[in-house]
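Note sheet for the following structure.
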Amino acid sequence: MKIWLRGARLRTLPLAIAPVLMGAGTASLVVDLKLHLVLLALGVALFLQIAVNYANDYSDGIKGTDDNRVGPKRLTGGGLAKPKAVLAAAFICFAVAGIFGLIITLLTSQWWFIAVGAVCIIAAWFYTGGKKPYGYAGLGELVVFIFFGLVAVVGTDYIQVLDWNPLAIYAGIMSGCFATAVLLINNIRDIETDLKSDKRTLAARIGRKPALFIFSLLVIAPFVLLVPFWLVAPATFLTNLLVIPAIIILIIANTAKDAKSLILALSLTSILSLAFASLFCWGVLTVTF
């Protein structure tokens, strides 16, 4: 069980929870929230995130990308589990996420959600899977921004409102910044080993210093983008208390001398994304309750 929990990469799960909270928050400004839909959306997000983690573990493992990686051993690359078992775990989690998504579709009668779900699963698989994974071509950050930011937040909002909410799109940009920052700092840590495996991530292509600069912008951007929400929900101002831990994270990342410090920055950024989303959601809900 410990091995499979390690493979699930629990430290990444805040990235699945955060956009659901933000989408629920923006939806609450328009309609009365249906809690069961929020929970179903959370189920989709969590199992899709875990499925992505297992799928990446499998694909990177069989390609040899994880043979010399820095950080915790992966299931496939570290020989902790058979590749077929890891692949099966990924497919099971994809299926569970799909079941939650199908229930949402049935409850909302929005049949086009099935196509959206299929695209999400395809994007998740081909991040490191297939002959030409886009994660190896430096496009991972862009796709993460789209799916773990815009799609996740707007999707959570839409199943409540059943219409396009500009506030959700705006919140999706904030959520996407944090998700992208987490992937970027992960790839900064792995620059040397990724280059040996011909994995040309954005960080590997542009180098450590430019990547850290972009990481810093991504961490700070949500706090700047939050300002207009002060007019809609004044209590969201308290979210800016998180600027202090954000600055600490940036100091850790930009002064890191070893991989362990970058792993700490990664974990803290993931937690920061969840804390930001939680305070944002609370601040917005104070308007409606």
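Here, each number is a calculation from the coordinates, and none is a lab measurement. Keep in mind that what you see is a predicted model, and the values were worked out from it rather than measured. Cβ: placed from backbone, ideal geometry, glycine included. Neighbour counts: every protein chain shown.
Oblate is the label for segment 112-269. Its Cα gyration tensor axes, ordered a ≥ b ≥ c, give a/c of at least 1.5 and b/c at or above a/b.
With both labels modelled 7 Å from their Cα along Cα-to-Cβ, the I251 to V116 distance reads 4.1 nm.
Listed values for segment 269-278 are Karplus-derived 3J(HN,Hα) couplings in whole Hz (6.51 cos²θ - 1.76 cosθ + 1.60, θ = phi - 60°), namely 5, 4, 5, 4, 4, 6, 4, 4, 5, 5, and x replaces Gly and Pro.
Note on S261 and D198: their simple-model spin labels are 3.3 nm apart, each label 7 Å out from Cα toward Cβ. Estimated from the Cβ-Cβ distance and a Förster radius of 30 angstrom, the FRET efficiency linking L162 and K2 is about 0.10. Each label was represented as a point 7 Å from its Cα along the Cα-to-Cβ direction; for K73 and V227 these points are 5.0 nm apart. Out of every Cα-Cα pair in segment 2-288, what percent are more than 24 Å apart? Here the long-distance tail beyond 24 Å is 49 percent of all Cα pairs in segment 2-288. Fully extending the segment from A137 to I220 would add 27.3 nm, taking 0.36 nm per residue of separation and subtracting the current Cα-Cα distance. Quick check: convex hull of the Cα atoms in segment 23-169, volume per residue, rounded to a whole Å³? Hull volume over Cα atoms, normalised by residue count, gives 117 Å³.
Run the dipole for segment 2-288 about the Cα centre, Lys and Arg Cβ at +1, Asp and Glu Cβ at -1, nothing else charged, and hand back the magnitude in debye, nearest 20. Each step should come with its number before you reach the end.
Numbers: 22 positive and 13 negative charges, 204 e Å.
Charge dipole, segment 2-288, about its Cα centre: 980 debye, nearest 20.
The 3J(HN,Hα) values that the Karplus relation (6.51, -1.76, 1.60; θ = phi - 60°) gives for segment 136-148 are, in residue order, 7, 10, x, 9, x, 4, 5, 5, 4, 4, 5, 7, 8 Hz. Gly and Pro appear as x. Shown here for segment 109-159: chymotrypsin sites (Phe, Trp or Tyr not before Pro) in loop regions (DSSP other than H, G, I, E, B) with at most 12 other Cβ atoms within 10 Å, namely W111, W112. For segment 163-168, backbone phi angles converted through the Karplus equation (6.51, -1.76, 1.60; θ = phi - 60°) give residue-by-residue couplings of 6, 7, 10, x, 5, 5 Hz, Gly and Pro being listed as x.
Relative contact order for segment 2-288: what is it in percent, counting Cα pairs under 8 Å that are at least 6 residues apart? Working shown, then result.
Values: 456 pairs, mean separation 71.8, N = 287.
Across segment 2-288, relative contact order equals 25 percent.
With the cut-off at 19 Å, tell me which of the pairs K82/K199; K131/K199; K63/K260; K132/K196; K63/K132; K2/K63 have Cα atoms farther apart than that. Where the Cα-Cα span goes over 19 Å, the pairs concerned are K82/K199; K63/K260; K2/K63.
Where in segment 194-274 are there trypsin sites (Lys or Arg not before Pro) that are in a DSSP coil and have at most 11 other Cβ atoms within 10 angstrom of their Cβ?
Counting only loop positions with at most 11 other Cβ atoms within 10 Å, the trypsin sites (Lys or Arg not before Pro) in segment 194-274 are K257.
Length available on full extension from V30 to I206: 0.36 nm per residue minus the Cα-Cα distance, which gives 59.1 nm.
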